[in-house]
Amino acid sequence: MNSFVSASTVEAKPAAAEDVVRLVNVKRSFGDTAALDGISLSVRKGEIFGIIGRSGAGKSTLIRCLNGLERPDSGEIRIEGRDIVGLAENELQPVRRRIGMVFQHFNLLSAKTVEENVALPLKIEGIAKSERLARARELLDLVGLADKAKAYPASLSGGQKQRVGIARALAARPALLLSDEATSALDPETTRSILALLKDINGKLGLTIVLITHEMEVIRGIADRVAVIDAGRIVEEGQVWSIFGNPESAITKSLLAGIRPQLPEHVAARLSSAGGTEAILSVDLAGPQAQGALFADLSAAHPHSFRLVHGGIDHIQSQPVARFFIAVPTRDPGLKDEVEQFLTARSARVEVLGYDTDHV
Ligand code: ADP
């Protein structure tokens with residue numbers, strides 16, 4: 001597994017006096033469809049919080065509820081401590097100004113220059129032209145586009161357009177940046193640079209960021225914590241390294257399939273539920289327990305007890321996240337159980353995937 005962008009630190013950020021976002025049992029249905037079916041979550045000040053789910057999971061509805069474009073049927077939505085659910089439209093305006101939005105398709109005005117696009121939220125607030133253009137220049141500098149101030153969006157690459165989108169989202173000094181699939185229209189390299197920029201802004205400004213995405217690479221790249229949603233519910237939530245190292249739900253495992261080592265297909269195709277010359281085991285280990293020479297120790301305790309088939313060690317938030325597949329000979333009937341016990345005692349999660357019928 002390759003390191004995607006620089007890992008974030010694993011330590012939980014210090015608890016703030018209040019959470020920037022707090023949802024309590026938020027529900028929203030459309031006819032018979034429960035788009036949000038009791039979502040509760042909290043995002044701390046300065047945190048990068050990822051929300052991931054497949055298409056139809058409820059992500060757009062959640063974002064629309066967060067920025068007050070959609071009203072939930074029930075539940076609490078607190079932004080900087082204030083419940084926005086019962087607010088009238090004119091009361092919502094100041095809350096929306098505390099939230100900067102970054103969109104998948106950038107949503108720039110093509111007839112305006114880059115600096116005018118960035119300054120637009122300030123124009124709406126009635127800030128003087130010289131002041132808003134000075135702020136726009138400052139932000140364009142922050143996102144690495146100082147030389148494009150007078151350019152028009154059509155002359156920019158996708159990555160540059162998104163940098164303008166991010167600068168515009170920051171113009172009114174929001175408390176929260178809401179990123180709605182901000183990298184989904186970008187190639188992998190540009191995605192990495194935009195994620196690195198968001199991480200940089202998070203560090204420099206201490207800005208709280210909520211990322212909505214369907215891509216685990218985005219979560220892996222910069223999020224501190226992640227909530228996996230499916231059918232309007234949170235199915236799993238935790239620190240990113242922990243969820244990557246120990247996914248519980250089928251949906252999380254499936255979202256991770258592209259970026260965790262998988263048993264090679266030709267081996268998987270040979271597996272049967274019994275018989276065979278080798279048992280094939282998956283071995284997962286993450287976090288502080290993953291330090292140390294697990295396989296060297298296994299080899300010393302049980303010589304010739306296994307063969308490495310596939311796998312690797314990733315580092316997420318500075319924590320090792322390891323996933324290996326090993327083959328254990330079946331000729332000694334007790335060996336598989338001994339290997340399993342040894343690894344389990346070292347905090348590894350071990351699963352017998354099947355028996356290889358044809359290994360030579
Ligand atoms: P996601 O953004 O994760 O793809 P959505 O929030 O768009 O998910 O949708 C969640 C579910 O709610 C889906 O089943 C979708 O069809 C339904 N839904 C969302 N908005 C509406 C709407 N305005 N009218 C009817 N159904 C909707």
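Of the residues 158, 126, the single one that is of a type in the set (Gly, Ala, Ser) and within 27 Å of the chain's Cα centre (by Cα) is 158. The number of residues in region 296-340 that are surrounded by 12 or more Cβ atoms within 10 Å (Cβ to Cβ), free of Cβ contacts under 8 Å to residues at least 12 places away in the same chain and not charged (D, E, K, R) comes to 1. Screening the candidates 102, 118 for the property of being buried (at least 20 other Cβ atoms within 10 Å of the Cβ) and away from the ligand (no atom under 16 Å from the Cβ) yields one hit, 118.
Would it be correct to say that residue 81 is farther than 30 Å from residue 156 by Cα and more than 13 Å from the ligand (Cβ to nearest atom)? So residue 81 fits the description; yes.
Of all the residues that make up region 62-76, how many are touching a residue at least 12 places away in the same chain (Cβ under 8 Å), within 11 Å of the ligand (Cβ to nearest atom) and under 23 Å from the mean Cα position of the chain (by Cα)? Residues that pass the stated criteria total 3. The number of residues in region 197-229 being farther than 24 Å from residue 105 by Cα and out of contact with any strand residue (DSSP E or B) (no Cβ under 6 Å at 6 or more places or on another chain) comes to 4.
Give the residues of region 23-53 that are surrounded by 22 or more Cβ atoms within 10 Å (Cβ to Cβ), assigned to a loop (DSSP other than H, G, I, E, B) and touching a Ser or Thr at 6+ places or on another chain (Cβ under 8 Å), sorted by residue number. Across region 23-53, the qualifying residue is only 47.
Report yes if residue 240 is of a type in the set (A, V, I, L, M, F, W, C), outside the structural domain of residue 53 (by TED's automatic domain parsing) and away from the ligand (no atom under 16 Å from the Cβ), otherwise no. When the stated conditions are applied, residue 240 does not pass them.
The values are calculated or read from the model by the stated rules, or taken from the named source; none is laboratory data. Since the model is a prediction, treat every value here as computed from it, not as a measurement. Note that we place each Cβ from the backbone using ideal geometry, even for glycine, and neighbour counts take in every protein chain shown.
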